Structure formats: structure tokens, C-alpha cells
């Protein structure tokens, strides 16, 4: 059991060792690449001072809100688009075009519509989080085994019944893929989202500390961000395992 | 299992060696700035919207045995500092706050001359400035006390603009907590759309906004810091130590170029336009360039740096008495320096 | 008594490329008797699966009608159950959940569903596997579940579309015997489509040989072998002759396609 964890962490430990050695050996400047030991010290300081909690909580709030909005809007939309071909044909062109536009290039538009408050930051997160959800939901619907639909129809199911009893359960694995991608994206895009007039947050802190040469603190924030992303990802994996008991392990 | 571990370790060791090897190659080539004909190349980053004294020096033929080579633009002082400190480039400039911050945290750089400042003697038109704090013409803000609770947008926090703002507030018995200080780009847009109350743009942005009308100047940084060389031109301590003669000649040429610009405004502006265009910039912007603003011979003074040290100490970012200005700059490579 | 009557069934499909239509079924008239085990054989692509789905009500014919007990069908209904080659089990439902599906759609009360499922799961020999998920079952077991599911809501007619084609030879033979046992116990009318001639001869009362492009019934052959059918019959003269004759007919048709 312990051995299993050891195996999983061996790559991580190796990475940490290399990271610690690189600045110490002078190969890379210590000023700009803080070794893990310094980063850890900075992290502890930030935790004790309470600063870390302030930045983390507000970032999580923003990420979660953006993500939740994406979930509420994109899953139903994805089902609609996957199920009704006509609807998809109408909207597909627009969606493909909008997908190409990154949150960064939309800054002025977000500013215009949402000002510099929380809403514009949540909008940036929402913008990025929606695509994996939408596309994976559509994909989930479209990749339903037609044979299953035939079978259901032969047993007297009408369209609504087929949607509820066949399409929905069949799409859940794809949905989870979308959820995971979307949720981790929400965390990672905080750096971009908090570029618009923020005064706190992990993403904001990373930029701010970089500019002020508080490099160990900057790496500490980067690490926290990465860890949050990991936690999010593995939480969703765990939830999926609990909900989807019928999938075969490949 | 044992085999797998062996392979993993072997891969890691090889990776470390390879990485170290590559980096070593870069380092050795960095040291080799001299070419066969004994011409030294000095690399730098510079945006197309500014001009450097050494760019003038190069055009005017003051640089003998030195080639300057532009590697590209940078996104600001800190990036420039990092580039010089790690040896990717050889000279750069930045506002004092960033130089002090970087030095204190281990970046081994030192300023050797002044690249730009607020000296009236070398400023072509009106009072010098780096930054102006602008409000809309019809804004109710007319003095410091009107700023209570208002939003002020600067380009970066913890840098030149923030501390100048706080000095202004402090002179008027207010503090940072009385206002909302934000980091935002696109100052013209956000001011005119009413998203913020005050913006602190820099350089040609100011000219553009004033030309567009309906804005009013609340104060400028000259009002606060006066005649000060607010940026430092720096090189890495390593480069300085290994090439003192080169540095001396480089500084001399830059100082001479700055003096020439002071005495020949029209030609200087033409030259500025030429340089900006060669960097891929808009030559139109050159007409907004009002000179280097450095004092004679681009010399630096303790007072240039002390203001910022005091603020960083006040802000708890540094310990009192731990550093003095001469830790961050030196005039010893400037042949015009008598001291 | 005629259980299923196919009258003038024609099915055309528009061509995907080029334009125009291709005729999948060129005109089938067929009577299937009550409680009969009726097989349809033919080369691949002759339209036998299409015909089965028309009888199921999943596809509408271009012209012609299907009558069951004299009434024209308009779509799928609970008087027919269908078993597919690909099992078509819902992976997210247990064995019991799958078998219950048709009953749910039929509106059978919940407390009854439980009992009925157990009975049919037992009928197909899978007692004890009620709470297993399809991915935990072998191919043969999955097909048994599919049969139980198709029969659970008590249709008169069981339609089977090459149900054993995906199974290995041993499992296939076992399931052939099983199907006969279940047919005997439940007394359904079975319409069985296959390309395996030996299978058709072993199982059926009558075999229709279909030709393709357009699909029509070339000949209907009576299988005069005694019931109940035994494994040993496969090696007997009369079995092998029948197999040979049907095989010849099918091969003729295959060369035409």
C-alpha cells in the first residue's frame, strides 16, 4: 500500500531534487529560480501571516463561480446541440469562431461590459471554462451507441424516455471529462483573469510578486495554484468513480 | 522493478548533465563578447517606443570598438533586470524601485549612468515628467482630499507610480487606504468610460490623451520628485568587473550622446524618429519625445535613489539603514565624474 | 393461424452519393404462423436485417404493410421483442435493470417488475447474476440477458437478428439449444435471421432463403426434422442434406450480389 504511493511519488521527488540542486549549483541563478527549500519557507510565512488564505479564498471564489456558471449553461446547451441536429447546424459556425478567441484578446470587451469588478474576472474564467464542457457534452450525446437507442425504441420508449434513460446515462463519462477539464482550467486561468484590476488573488499575487522580485513568494503561489488544480482534478476523478460504477477499467 | 529504478536514475543523471552542458555553453559564449577584430558586442532589450542614450551614441559614432545589438523588446524594468542579471543581455534600464528590489534580493546589477529623468535642462518643452495623473475634465476631483474612496489606475503596483501616488497622498495627510489603487492597462479607455477616476499613464500615452481633450492634469511626478533621474541604466556586476574599460567607454559615449541631445533638440528628435522607426516603431511617436531629461553628463546623485529607499523602508520592504544609494549605482565609470 | 403477415414490403433507400435510390427490399410477401420458429437466411447485404427491423416497427417500409394478428403495425410495440447481434445492453444498468427496461416502459407496477425480472433471469439460466453489470459478463451471458429483456414484457413475437454471430462456436451451440428450450417453454413466435445455415436448419421449422439487391424471398424450405432437436441430429444424413441444399440456394444468390 505504502509502496504504491512511493511509486507514484518517485517522479515527483526526483523533480524536487533536481529543482533544489539547479540554483544551488549555480547553473541557474538563485535570484530567479528559488529552490524548493526557500519556496517552502516563503509558503510557511504566507500561511502564518494569513495572506495565503486571503488570496486563495478569493481566487477560489472566482474560479468556482465561473465554473459553476459554465456548468449551468453549457451542459443543457450541449445536450440540445448534440440531440437536435438542426440546432447544432445553426450554432456550430458561431461556436467554432468564438472558441478561437482567447480570453486575453477579449479583455477590452469584458471591460466594456462588466467594468473592473468581480464580474469581469468571473467572465474571463467562464469564457475559458465553457468550451471543454460544451464540446464534451455534445460529444457525449453524439457518441451514444445507436444500437442502444434502437433497442430502447423497440421496447416502447418515446423521445423523452430515450433522452432520460439512454442519452443521459450514456453521456456521463464524457460529461465528467468535460467537468474535469473545465474545472482545472478555471483554476489555471486565474492568472489571466486577475489581470483586470485585481488587488488580491493567487493569479494577481504571482504577477505582483514577480514584478517586485519577491521570487520565493511567487513560486509559492505558483505551487499553491498547481496543487489546487490537482486537488480539483482528483476530487472529480473520485466523484466519477463513485457515480459511474459500470465503466470497465481499461 | 530494480531495473526500472536503475533506468530512471540513469535517465535523470543524463538529463542533468545535458542541461548543465547546454547552460555552460551559453555561459561561455556570453563571456565571449569579443569578436576576432576585438569589437565588443553589447546586447540589450528596448521597446520601439523609447530611445536609449547609447543608441544615440551608436548613431553619432561615439562608440569605438563597441557594437550594440538589440535582442528585442521587454515588457518592463523587471524583465530587463532579469535579462541582464542572468547574462542574456548586457545593459538595461529600469525605475529605481525595481533596481533596489532586485538588488536586495540577490540580483547582481549596478547602475552606471542615467538613461532618462526629469531634469528641466535637457527637456525640450515645458516641465519634465515621466507620468501625469489625469482625471476627466468634468470630474469633481480637484485636490487630494477629493480622492477619498476613488479609484486610481497605475500600470504596476509596487513601482514608480505607486510610490509617487503615495507620496502625493502623504503630503496631503492621506494614506494608501483612503483610495483604491489598482493595476490596469488601457488607461485612456478606462478613464473615458468612467471605470476609474484617475489614471497615471506614461510617455506618449499622455500626449495622446491630452490631444483627445476633456482631460485635466491633477498632478505630475515632477510635482512630487522634482528634478530627479528616476531611472538607472544598469549592467551586471560580473560584466562590469570583467570589462571595466569597455564599461567606461560605453558610459562616456552615452553621456556625450545625452549632452549632444540636450544641445541639439531638433536634430535629436529627428534622430529619435530614425531610431524608433528602425526598431519597428511609429516615427510619429518621436514628436512626443521631449529629450532624455538627464542632467549634464548623465551623472547620478544619491538623491535620485534615496527617495525610493525611504519609501521602501516606510513600506516595510526594507530595513532602515541597511542600504545606501551607493549600493545601487556608481559614477566611477563616468569620466565626467569628479569625486 | 397466421401470426405475422408481410404484404408487399418494399424498402428503398436514397443513395448517399450520386443520387437516385437503391432498392434494399424489392417486394416480400410472407406469412409466419403462430408459435412457429421461422428462419431467414441469405448472403450478407441481402436485406434480411432490414426486413426484421421493418417487422419490429423500427423502420417504415416504402410501401407495403406488416400485420400482426390481423392488425396493421404502425411502429414498435410491446407485442414484439428484439435481440440484436451486438447485445445492446445498457452498460449502466445491472442485469436486473436491463431486464426491467421494457417493463418500465410498459407501465408495469414497480413491485411486480422485481418478481418478473427474477423469473426471466432464471429462465435464461442467470440466477444469481441479477446485480452484475454487463461488462462483467461473457458474450454468451450478455446475450442471455438480452433474451430475458426481450421476453420480460411478454411479447408474442421474438425477433432475433444474427444473435449468436459474435460468439464463439461452443457458446453458439449452447445458446442454440437454450433458445430452443426457452421457445418451447414460452411458446413464442420466433423470427430468426442468420447467415449461418447450419444454425437455421438446427433451429427452424421453416427457412426462407433471401436473395439480395433487391431483397426478395427466393424459396421457403420446410425443415422436416423431428423435435425436440438434439445435438446428434447435426451429424445425420437428412440434416446434412438439408444443410447442403439450403447452402446451394444461398450460394447461387451470393454470386448474383
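So the values come out like this:
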quantity: Matching residues, the range C:90-124, being facing chain A (nearest Cβ under 8 Å), in a loop (DSSP other than H, G, I, E, B) and within 20 Å of the chain's Cα centre (by Cα); calculated: C:90
quantity: Residues that are more than 25 Å from residue A:131 (Cα to Cα) and surrounded by fewer than 21 Cβ atoms within 10 Å (Cβ to Cβ), drawn from the range A:157-178; calculated: A:158, A:159, A:160, A:161, A:162, A:165
quantity: Qualifying residue in the range A:104-112 (condition: over 30 Å from residue C:94 (Cβ atoms), under 22 Å from the mean Cα position of the chain (by Cα) and surrounded by 20 or more Cβ atoms within 10 Å (Cβ to Cβ)); calculated: yes
quantity: Scan of the range A:22-32 for residues that are surrounded by 14 or more Cβ atoms within 10 Å (Cβ to Cβ) and either more than 10 Å from every other protein chain (Cβ to nearest Cβ) or without any contact (Cβ under 8 Å) to a residue 24 or more places away in the chain (or both), ordered by number; calculated: A:22, A:23, A:27, A:28, A:29, A:30
quantity: Residues (surrounded by fewer than 22 Cβ atoms within 10 Å (Cβ to Cβ) and more than 12 Å from chain A (Cβ to nearest Cβ)) located in the range B:188-208; calculated: B:202, B:203, B:204, B:205, B:207, B:208
quantity: Residues within the range B:238-250 that are buried (at least 19 other Cβ atoms within 10 Å of the Cβ) and in contact with a helix residue (DSSP H, G or I) (Cβ under 8 Å, 6 or more places away or on another chain), tallied; calculated: 4
quantity: Residue C:127 vs. criteria more than 11 Å from chain A (Cβ to nearest Cβ), assigned to a loop (DSSP other than H, G, I, E, B) and loosely packed, with under 14 Cβ neighbours inside 10 Å; calculated: yes
quantity: Residue selected from the range A:154-200 under the condition in contact (Cβ under 8 Å) with a residue 12 or more places away in the chain and assigned to a loop (DSSP other than H, G, I, E, B), by the criterion nearest to the other protein chains (Cβ to nearest Cβ); calculated: A:197
quantity: Listing of strands (runs of 3 or more DSSP E) fully contained in the range C:35-87 that carry 1 or more residues being within 14 Å of chain A (Cβ to nearest Cβ) and surrounded by 24 or more Cβ atoms within 10 Å (Cβ to Cβ); calculated: C:80-84
quantity: Test: residue in the range B:278-287 that is touching a helix residue (DSSP H, G or I) at 6+ places or on another chain (Cβ under 9 Å), modelled with pLDDT under 95, assigned to a loop (DSSP other than H, G, I, E, B) and farther than 12 Å from residue B:51 by Cβ; calculated: yes
quantity: Residue list for the range B:52-84, filter: touching a residue at least 60 places away in the same chain (Cβ under 8 Å) and part of a strand (DSSP E or B); calculated: B:66, B:70
quantity: Scan of the range A:185-196 for residues that are under 21 Å from residue B:200 (Cβ atoms), at pLDDT below 85 and buried (at least 23 other Cβ atoms within 10 Å of the Cβ), ordered by number; calculated: A:196
quantity: Checking residue A:115 against (1) more than 11 Å from chain C (Cβ to nearest Cβ); (2) surrounded by fewer than 24 Cβ atoms within 10 Å (Cβ to Cβ); (3) touching a helix residue (DSSP H, G or I) at 6+ places or on another chain (Cβ under 7 Å), the condition it does not meet; calculated: (3)
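Results for (1) under 19 Å from residue B:302 (Cβ atoms); (2) in contact with a strand residue (DSSP E or B) (Cβ under 8 Å, 6 or more places away or on another chain); (3) at pLDDT below 95; (4) in the same structural domain as residue B:322 (by TED's automatic domain parsing), shown as yes or no for each residue.
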{"residue": "B:112", "(1), (2), (3), (4)": "yes, yes, no, yes"}
{"residue": "B:140", "(1), (2), (3), (4)": "no, no, yes, no"}
{"residue": "B:145", "(1), (2), (3), (4)": "no, no, yes, no"}
{"residue": "B:150", "(1), (2), (3), (4)": "no, yes, yes, no"}
{"residue": "B:158", "(1), (2), (3), (4)": "no, no, yes, no"}
{"residue": "B:161", "(1), (2), (3), (4)": "no, yes, yes, no"}
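The values are calculated or read from the model by the stated rules, or taken from the named source; none is laboratory data. Since we're looking at a predicted model, the values are computed, not measured. Please note: Cβ atoms are built from the backbone with ideal geometry, for glycine as well, and neighbour counts cover all protein chains shown.
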